Amino acid sequence: MLFLVAAKCLFVVVLVVGVCVPLLAWVDRKQSALMQDRIGGNRAAIGGVTLIGLFHPLADFVKLLTKEDVVPAGANRVLHALAPIIAVVPAIAALAVIPYGGVYTFGRSTVSLVAADIDWGVLYIFALGSIATYGAVLAGWSSNNNWSLLGGVRAAAQMISYEVTMGLSIVGIFMVFGTLKLTDMAAAQDSTIRIMGFVEVFGWILPEWASRFPFTLPNWGIVLQPLGFVMFLTCSMARNKRPPFDLPEAGSELVAGYLTEYSGMRYGLFRLAELVEIAVIAGLMTSLFLGGWTVPWLSTDRIIGAIAPLLGEAFANVVCLLAQVAMFIAKVVGMIWLQMLIRWSLPRFRYDQLMNLCWKVLLPLSIANIFATAGVLLLLGEVG
Amino acid sequence: MLPIDHVIGLSAVLFTIGTVGALTRRNLIVMLMSIELMLNAANLAFVGFNRIWAANPEGSALDGQIFVLMVVTVAAAEIAIGLGMVIALVRNRDSMNVEDHSVLKW
Amino acid sequence: MTIEVVLFYALAALAVFGALAMLLFVREVVASAMGLAVTMVSLAGIYLLLEAHLIAALQIIVYAGAILVLFLFVIMLFDPNNDDFDRADPPQIAIKVAGIAAALMLGVAIAGVVSAGLPDAGELPEGFGGFRDIGLQLFTAYVIPVEAAGLLLLAAMVGAVVLAKQRID
């Protein structure tokens, strides 16, 4: 039992840190290049083979490993060394609760494709995000540098402000699905929901054959809580200190903010934390709002019910597993693409605009969202 | 099984460390942090006792944990106001040492 | 010697270590704050061992993640060069009172716990301490304390805004 959990954890960590993060670094270069009408990095080559720039993350990694770790004089050496670790560990630990597949039975054994199925999985990710705040704050403090200190102070204020709104914007989803467990939420999005009143209103103009269609939407979180989706995406990107919320490391104002005095692999660890956090946000948004590992309009029962009579239960489960994991990967890729798109499109927020957005726009909106969701649930009689 | 009296003993030790800190440290921030530590020790005692009395038929099984929520709320409110006062004091006298703020001593 | 008991003693040692770090780092206030952070996170681990899952999560999110970051924030704003530490020893009377108080409190507490003979912790139902049970209790039996806590937070917010306002006159 413990061996299985450890194997799943290892698999997820190796997959994300070994495969996903270098790909993310490459996507960062190439997507920005395509958006800005240029080619991007394409010179890194092994043996004369440039693989459309896919060797650049490897080149970056080797460069960061071999660079000197400069610790400024007068810096607090313990905290300076500790800060990148505090930044990286919560980001990677958050991967444990994200489900990349459902529950499949092969003969006598059942496997559920999530490393840790915690009852309060979403709160676990919030708690880890709270710890990650210390990475930026301690980095800013320990560097004995005015620019770092300013970056660290900005990071502290930004991250705790958006933490509040992040929690509140998700309460609507908790109310709708009635659980904090990510696997249950993904499984609850396995069905379809009728577009209320569509057939009744438009039925008289539809031809005969069209009225046999069910006109349903998948029961996804983004259909049930569109405002929650937008708000949660905004708050997650703000907590990740990605542009347009990258005031703590503002390149044009603060040299490099709290990262000024970091070089070599310590800087590499901060960048790794940021990229892993992008993957975590993509995985979390997929599980909460985009139906997780479920295929839209093709629920698990339908897939297994269609294949099992022909080729057997185990084979049906295998097909289902492959289809659903592929669907999960496709959705995560879509969310990563969306985050990169936002990163390279919007200019940086000014500090008062940032705080204004959090406290005066997102907080009242999220509370209004809670009220509206509660009202709708009460009207539909699904309370209790 | 977890030895709950050791949990209460740990709570007592943390509370003592917090009291000594609040009485002997001269930095305003550290005094506030010592008070936070005392509140945390009380929370630990609540949760420890809740674990024992959870199967209590008369009261609610979760009394201790709900009290902890109230204590956390009070601590958060106290920190907000306390740090606001510390900021106002430090802006006035430019020192975080409580000896420099002891104007009312005779 | 189950894994739970071993974990509990490890976390307890870590908590006491963090509290002592908070007490004894006279020259670096940030090290004090990080000691308290270590204590709070290990207390969250002990709450998990005591089947208080929601309280453990809230301990990290609220205490270690927000309150302590606010402490660090104030330290960084007002003492960036770390030269405002306790310059002199505390007055003799404070040390004596603290010592006597500590000895008394520890003695009374430990004696009380030892003589009380607390019963063993029993088995608990599945999902105890989860958000569902606590949420139900909060909004049925404890709804008045919840509303009072809301009022308290409102008063604290108003007070903080008033304290932070610049004087115009």
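Where a number appears in this text, it was derived from the coordinates with a stated rule and is not lab data. From a predicted model like this one, the values you see are computed outputs, not experimental measurements. Cβ coordinates were reconstructed from backbone atoms using ideal geometry, including for glycine residues, and neighbour counts include every protein chain displayed.
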Relative contact order [Cα under 8 Å, 6+ residues apart], region A:221-365, whole percent = 31 percent
Among A:332-339, A:108-115, the order from most to least packed when residues are scored by Cβ within 10 Å on average | A:332-339, A:108-115
Quick one, could you list the DSSP H helices from chain A stretching 18 Å or more along their long axis (Cα atoms) with average Kyte-Doolittle hydropathy of -0.5 or above?
-> A:21-35, A:77-93, A:121-142, A:146-177, A:226-239, A:264-289, A:313-345, A:363-380
extent check for region A:13-67: Cα max minus min per principal axis, descending, whole Å, gives 33, 26, 21
Relative packing of peptides C:8-17, A:341-350, C:61-70 - highest average C-beta neighbours within 10 Å first | C:61-70, C:8-17, A:341-350
Relative packing of A:150-158, A:61-69, B:27-35, which averages over residues the other C-beta atoms within 10 Å, highest first = A:150-158, B:27-35, A:61-69
Most exposed first by the Cβ proxy, i.e. fewest other Cβ within 10 Å, how do C:THR140, A:THR133 rank?
-> C:THR140, A:THR133
Expressed in angstrom, Rg and Dmax over the Cα atoms of region A:61-132 are 18.9, 63
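For region B:1-105, which trypsin sites (Lys or Arg not before Pro) pass both filters: DSSP loop (anything but H, G, I, E, B) and at most 14 other C-beta atoms within 10 Å?
Answer by residue number: B:LYS105.
Shielding of C:45-51 by partners, i.e. mean partner chain Cβ atoms within 10 Å per residue?
Per-residue shielding by partner chains comes out at 5.
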Return the single residue from B:GLY64, B:GLY84, B:GLY21 with maximal mean-square fluctuation; model: Gaussian network over chain B, springs between Cα atoms under 10 Å.
-> B:GLY84
Counting other Cβ atoms within 10 Å of each Cβ, which chymotrypsin sites (Phe, Trp or Tyr not before Pro) in region A:243-314 have at most 14 and sit in a DSSP loop?
-> A:TRP297
Given springs between every Cα pair under 10 Å in a Gaussian network model of chain C, which of C:GLN59, C:GLN137, C:GLN92 has the largest fluctuation?
-> C:GLN92
Dipole magnitude of the protein assembly as shown about its Cα centre (Cβ charges: Lys, Arg +1; Asp, Glu -1), debye to nearest 20 = 1520 debye
In whole percents, the bins of 10 Å from zero upward hold the Cα-Cα pairs of chain A as 5, 20, 29, 25, 14, 6, 1, 0
Evaluate the Debye formula for chain B with equal point scatterers sitting on the alpha carbons, no solvent, and hand back log10 of I(q)/I(0) at q = 0.20, 0.21, 0.25 Å⁻¹, in q order, two decimals.
-> -1.02, -1.08, -1.28
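Longest span of chain C, sites excluded, free of GluC sites (Glu not before Pro) in DSSP loop with at most 10 other C-beta atoms within 10 Å?
In short, C:1-122.
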Normalising by the residue count of region B:1-101, find the relative contact order in percent from Cα pairs under 8 Å and 6+ residues apart.
-> 28 percent
Sort region C:23-76 into rounded, prolate or oblate with this rule: let a ≥ b ≥ c be the square roots of the eigenvalues of the Cα gyration tensor; rounded if a/c is under 1.5, and if a/c is not under 1.5, prolate when a/b is larger than b/c, oblate otherwise.
-> oblate
Out of C:MET105, C:MET22, C:MET40, any idea which swings most in a Gaussian network model of chain C, alpha carbons joined below 10 Å?
-> C:MET105
Among A:LEU128, A:MET1, A:GLY167 - extreme Cα towards positive end, dipole of chain A, charges at beta-carbon = A:LEU128
If C:MET76, A:MET1 are placed from fewest to most neighbouring beta carbons inside 10 Å, the sequence is A:MET1, C:MET76
Ranked from fewest to most other Cβ atoms within 10 Å of their own Cβ, A:TYR134, A:TYR351 fall in the order A:TYR351, A:TYR134
Using only alpha carbon pairs under 8 Å that are at least six residues apart, calculate the relative contact order of chain A and give it in whole percent.
-> 23 percent
Return the subset of A:LYS241/A:LYS331; A:LYS67/A:LYS331; A:LYS30/A:LYS63; A:LYS8/A:LYS67; A:LYS30/A:LYS331; A:LYS181/A:LYS331 for which the Cα-Cα distance in this structure is over 29 Å, preserving the input order.
-> A:LYS67/A:LYS331; A:LYS8/A:LYS67
Is there a simple number for the mean count of other chain Cβ atoms within 10 Å of the Cβ of residues in A:119-127, and what is it?
-> 5
When the charge dipole of chain C is computed with +1 at the Cβ of Lys and Arg and -1 at the Cβ of Asp and Glu, the Cα pointing farthest to the positive end, of C:ALA103, C:THR2, C:GLN59, is that of C:ALA103
Debye intensity ratio in log₁₀ form over the Cα atoms of the protein assembly as shown, taken at each q of 0.06, 0.12 Å⁻¹ = -0.38, -1.46
Dipole in debye (nearest 20) - region B:35-97, about Cα centre, beta carbon charges: Lys, Arg +1; Asp, Glu -1 = 180 debye
Number of partner chain Cβ atoms within 10 Å, mean per residue of A:158-165 | 2
